[in-house]
Amino acid sequence: MKKLKFLVSLMMEENYYQKLHASVARDTAGRLGVDIQILYSGNDAITQSEQLLNAIHSPSHVRPDGIICAPVGTTLTSVARRAVESGIGWAVLNRECDYITDLRRNSSAPVFFVTADQSEIGRIQGRHMGALCPQGGLILYILGPAGNPIVDYRRSWMLTTKPPNIQVRTLTGDWSEQSGYKAVSGWLQLRTSRTAAVTLIAGQCDDMAMGAKKAFEELTDGEERARWASLPFIGCDGCPEAGQEWVRRGLLTSTVVIPSTAGPALEMMVRAIQTKSQLPECTSIAPVSFPPVEKLAEVALGKRTS
């Protein structure tokens, strides 16, 4: 039996969660005895499409048996169709895709998506906000890129669990630390930012939350810097060596641990190809609060009584 080959297409190397995907995929490939190639697209949708099409149209002896993709922008409908027409398996990470059902009807290759429960991620962040700001206030909330459905899911479900006495002001980033820094840098140039009674800073990923924290540290001084430094900073992703470690070190107050979906997707695709079977269309993985929400309530109570 030939050794199976897989391509894992990721957004950018600068994001810790994307790096977690790469690490977990490599470990899974080693355990399963398959070859793997990992490509980063530099957070550019056109580059990602070109990389994937080049792989799909490559000679048969180097063409991957399956592609596992974390889309930068769109869900790559036409690219997915080309892959399936070439007999290549197709799996999407952390994105629901309307076209999957249609592709599965006439595909001999496995086609599916594996996602973290984005609605629960949003709900957990809303609970974090409530636990850390029991008296309400204003949240500065840094979103991922406009047009990405993950951004809308997390934001809309966060709004269902945050208390009504918490107001939200949004900024926009692109999942990178640099974008969090840039978003806050631009906001600090507004005259109203200096008088805004912000009580917490939240990022839709840990990298952006850390970029925001860095901006407040570097672009303010004196009492203003001390005020920003005293506020909770919260994020999402919770990678073991990043978000979770930053919480342990006190750089972030909380995060949402989102297990990598790349490992399960690769394992499922290998099994499907080896058994010539089609897998469930969608597999959802549950996120976890870090630390537990109850602990955050204790943190907030300690600050009020100290």
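Residues to consider are Leu7, Leu52; find the one that is open to solvent by less than 20 Å² (accessible area, probe 1.4 Å), closer than 21 Å to Thr75 by Cα, modelled with pLDDT of 95 or more and touching a Pro at 6+ places or on another chain (Cβ under 6 Å).
When all the criteria are applied, what remains is Leu7.
Filtering the range 241-275 to residues that are outside any helix (DSSP H, G or I) and free of Cβ contacts under 8 Å to residues at least 60 places away in the same chain leaves Arg249, Gly250, Leu251, Leu252, Thr255, Val257.
The residues listed here are Ala131, Ala197, Ala146; of these, the one that is over 30 Å from Ala80 (Cα atoms), of a type outside the set (Lys, Arg) and at pLDDT below 95 is Ala197. Among the conditions (1) in contact with an Asp or Glu (Cβ under 9 Å, 6 or more places away or on another chain); (2) of a type in the set (A, V, I, L, M, F, W, C); (3) at pLDDT 95 or above, the only one that Ile100 does not satisfy is (3). Filtered by the rule that a residue be open to solvent by 10 Å² or more (accessible area, probe 1.4 Å) and free of Cβ contacts under 8 Å to residues at least 40 places away in the same chain, the range 115-134 gives Gln118, Ser119, Arg123, Gly130. Scan the range 101-108 and give yes if some residue there is under 18 Å from Ile273 (Cα atoms) and either surrounded by 23 or more Cβ atoms within 10 Å (Cβ to Cβ) or among the charged types (D, E, K, R) (or both), otherwise no. Taking every residue of the range 101-108 in turn, at least one turns out to be under 18 Å from Ile273 (Cα atoms) and either surrounded by 23 or more Cβ atoms within 10 Å (Cβ to Cβ) or among the charged types (D, E, K, R) (or both). For the range 172-204, the candidate set comprises residues that are touching a residue at least 24 places away in the same chain (Cβ under 8 Å) and more than 23 Å from the chain's Cα centre (by Cα); within that set, the residue that is most open to solvent (accessible area, probe 1.4 Å) is Arg194.
The values are calculated or read from the model by the stated rules, or taken from the named source; none is laboratory data. The shown structure was predicted, so the numbers you read here are calculated from the model rather than taken from an experiment. Backbone-built Cβ (ideal geometry, glycine too); neighbour counts: all protein chains shown. All accessible areas refer to the heavy atoms of the entire protein, side chains included, with ligands and DNA or RNA removed. Shrake-Rupley method; radii C 1.70, N 1.55, O 1.52, S 1.80 Å.
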